[in-house]
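The values are calculated or read from the model by the stated rules, or taken from the named source; none is laboratory data. Computed from a predicted structure; not experimentally measured. Every residue, glycine as well, gets a Cβ built from its backbone with ideal geometry; the counts of neighbours run over all protein chains shown. Note: areas computed on protein heavy atoms with side chains; ligands, DNA, RNA excluded. Shrake-Rupley method; radii C 1.70, N 1.55, O 1.52, S 1.80 Å.
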Amino acid sequence: MSKQPTYDEIPPDASSMIESMRSYGYTLSAAIADLIDNSIAAAASTVVIQFHWSGADSWVSILDDGCGMGEATLRNAMRLGSRSPLEERDRNDLGRFGLGLKTASLSQCRRLTVASKPTDGSDSVRRWDLDYLQKSDVQGWRLLRNPFPGSERLLEGLDDFDHGTLVLWEVLDRLVGHARVDDERAHQHFLSLVEDVERHVAMVFHRYLASKRSRLRIAVNGNEVAAWDPFLECHSATQRTPEERVAVPNHAEAVRIQGYVLPHKDRLGDGQHRAASGPRGWNAQQGFYLYRNKRLIVPGSWLGLGASRPWTKEEHYKLARIRIDIPNSMDHLWQLDVKKSTARAPLQLRERLKGLAQTVRQDARAVFAHRGKYRQRLTRQEYDRPWKAGRKSGVTVYRIDRDHAVISALLQSVGKEASTDLEAALRIIEETVPVEQIWLDAAEKPDDTSRPFHGSTNRQIRAVIEIAYQALRRNRSASHKEALELLLRCEEFAGEETRAIIATLVPKDAS
């Protein structure tokens, strides 16, 4: 009696399997970034990305001058799961699951063609064609060895390099569908996606693009991509914490962490402020920036950390950004996904990350609240502020500070009866602070708030300052020098223009 096998071998249906794998959740930008990872791993110095609009016949190509692949290497690279995520990789390898080239590409197109040329070999071509696999007479995992008829010309860019790889996407059903060439709305949407890709690439690979050592150049439709630095490291008003190296048990390499507080918008020009907001805007870009081999994985997230509950992205913490550098040997600890776009902080690092984040968040909140003057003043004391927050009957209330130097002097400058009337007026103002409206306006238009004396003429500002100066001299018995020091400590006079006016005051007007 023959022995029966103890298992059934049931390979997945090729067409069904690949169709299912198209739904990993890649965005176009994330898919392009995954392919650039392969170019960097192949030691490319140039990556040329081309988006060509032609309605339903539109195509995308990614060409690099990396080391290229021979027949056997290309065939294996086109295999789904070509490398195990458990396999130890070169410390500079940006890959992980052996799926990126295929899943990233097929998430956007139905026809993937790769042509490659090694330094010492001839061109090789392989193609995954989902429409071909769907045919009733096609069975198995048939990887085609030639380009689609008529698409040969789209691979000619590889001829410009001595070695390299060209990835071609055709039948862009997820990007353009069956759009006609003259469909202007579809065309504009296509162009907007190209802009998204350029911004995303500038962010994800900014450390490669800015490095003189790596010399990486990326061009999108002929436009060379400039690095976008999330931390504004070149700006003099950017605050930094010392870089920390945190050891992780059973790992030779440490995790490197550094916090940044970006300058308040008052310290930035309009162009600088727009650029620093990043692809997703100021609020969305706050938080941790996780890098794996200098490649950005998470572009601004609080990673589920928090005190009593996970932190959310709020307006007053938008200047807080924290850089984390990890080696690729820690992928499993950070639970990186296939798309290399999400991660979770490991348990052994969460408390340290939370402690640093609390410090950076507090400093960022202070810069936001003090309009960029936090830690930029001559002493470590805070500026005197005319408004102060307090608690009353369990709720936050806002009061005008009667001890503020200028307000105190002005209250003393009027008679007793007028002082009572003025006090009543101040109380009415305090009781009707439009907190909800201010919060709503700041949330809807965070970059639309004004600075003190915004829109006022130099003459109008000088009139206010001179009145405050005279009140300090008369009613606080301040000397000229003391009066100037008190004015310079006032938050409302902290701007460069107002400080310049204060510097011109002379004591002859004092009584």
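Quick grid of which residues meet (1) among the aliphatic types (A, V, I, L, M); (2) modelled with pLDDT of 95 or more:
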position: Gln134; (1), (2): no, no
position: Arg142; (1), (2): no, no
position: Phe148; (1), (2): no, yes
position: Ser151; (1), (2): no, yes
position: Leu158; (1), (2): yes, yes
position: Arg174; (1), (2): no, no
position: Arg180; (1), (2): no, yes
position: Glu184; (1), (2): no, yes
position: Asp196; (1), (2): no, yes
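Of note, Ala226 satisfies the criterion of being open to solvent by 10 Å² or more (accessible area, probe 1.4 Å), in a loop (DSSP other than H, G, I, E, B) and small (Gly, Ala, Ser). The residues of the stretch 447-466 that are in contact (Cβ under 8 Å) with a residue 40 or more places away in the chain, at negative phi and not acidic (Asp, Glu), listed by number, are Arg451, Pro452, Asn458, Ile461, Ile465. Quick check on this structure: which one of Glu491, Glu444 is in contact with a Lys or Arg (Cβ under 6 Å, 6 or more places away or on another chain), under 24 Å from Pro263 (Cα atoms), at pLDDT below 90 and not basic (Lys, Arg)? Within the list Glu491, Glu444, the selection yields Glu491.
So, in the stretch 79-99, of the ones that are surrounded by 18 or more Cβ atoms within 10 Å (Cβ to Cβ) and at pLDDT 55 or above, which residue ends up farthest from the chain's Cα centre (by Cα)? Here the residue is Leu80. For the stretch 241-264, filtering for residues that are more than 25 Å from Val201 (Cα to Cα) and either open to solvent by 30 Å² or more (accessible area, probe 1.4 Å) or charged (D, E, K, R) (or both) leaves 11.
Yes/no per residue for (1) among the polar types (S, T, N, Q); (2) at pLDDT below 90; (3) in a strand (DSSP E or B):
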residue	(1), (2), (3)
Phe288	no, no, yes
Leu303	no, no, no
Arg323	no, no, yes
Ser329	yes, yes, no
Leu333	no, yes, no
Ala343	no, yes, no
Asp363	no, no, no
Lys373	no, yes, no
Gln376	yes, yes, no
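Close contacts from the stretch 1-21, counting a first residue that is in contact (Cβ under 8 Å) with a residue 40 or more places away in the chain and a second that is of a type outside the set (Gly, Ala, Ser) and open to solvent by 80 Å² or more (accessible area, probe 1.4 Å), with Cβ to Cβ under 7 Å and a gap of 6+ residues or different chains, come to Ala14/Trp141; Ser15/Gln134. If you take the residues in the stretch 406-435 that are outside any helix (DSSP H, G or I) and more than 24 Å from Glu466 (Cβ to Cβ), which one is most open to solvent (accessible area, probe 1.4 Å)? Top of the filtered list is Thr432.
Restricting to the stretch 160-174, give me the number of residues that are at negative phi and either small (Gly, Ala, Ser) or open to solvent by less than 90 Å² (accessible area, probe 1.4 Å) (or both).
Of the residues in the stretch 160-174, the ones at negative phi are 160-163, 165-170, 172-174.
Checking which are either small (Gly, Ala, Ser) or open to solvent by less than 90 Å² (accessible area, probe 1.4 Å) (or both) leaves us with 161, 163, 165-170, 172-173.
Residues meeting the conditions: 10.
Looking only at the stretch 387-398, how many residues end up being surrounded by 12 or more Cβ atoms within 10 Å (Cβ to Cβ) and under 18 Å from His370 (Cβ atoms)?
The total comes to 3.
Between Gly150, Gly157, Gly177, Gly140, the distinction of being open to solvent by 20 Å² or more (accessible area, probe 1.4 Å), at positive phi and either part of a helix (DSSP H, G or I) or without any contact (Cβ under 8 Å) to a residue 12 or more places away in the chain (or both) belongs to Gly150 only.
Residues in the stretch 292-300 include none that are at pLDDT below 90, farther than 25 Å from Pro263 by Cα, open to solvent by less than 30 Å² (accessible area, probe 1.4 Å) and not in a loop (DSSP other than H, G, I, E, B). When the stretch 305-318 is limited to residues that are in a loop (DSSP other than H, G, I, E, B) and open to solvent by 10 Å² or more (accessible area, probe 1.4 Å), the one that is nearest to Arg240 (Cα to Cα) turns out to be Lys318.
Residue under question is Gln470, and the condition is that it be closer than 27 Å to Arg267 by Cβ, open to solvent by 30 Å² or more (accessible area, probe 1.4 Å) and either modelled with pLDDT of 90 or more or part of a helix (DSSP H, G or I) (or both); does it hold? Criteria not met by Gln470.
Scanning the stretch 31-47 for residues that are surrounded by fewer than 19 Cβ atoms within 10 Å (Cβ to Cβ) and out of contact with any Asp or Glu (no Cβ under 7 Å at 6 or more places or on another chain) yields one hit, Ala43. The residues listed here are Gly271, Gly278; of these, the one that is closer than 30 Å to Thr46 by Cα, without any contact (Cβ under 8 Å) to a residue 12 or more places away in the chain and either open to solvent by less than 80 Å² (accessible area, probe 1.4 Å) or among the polar types (S, T, N, Q) (or both) is Gly271.
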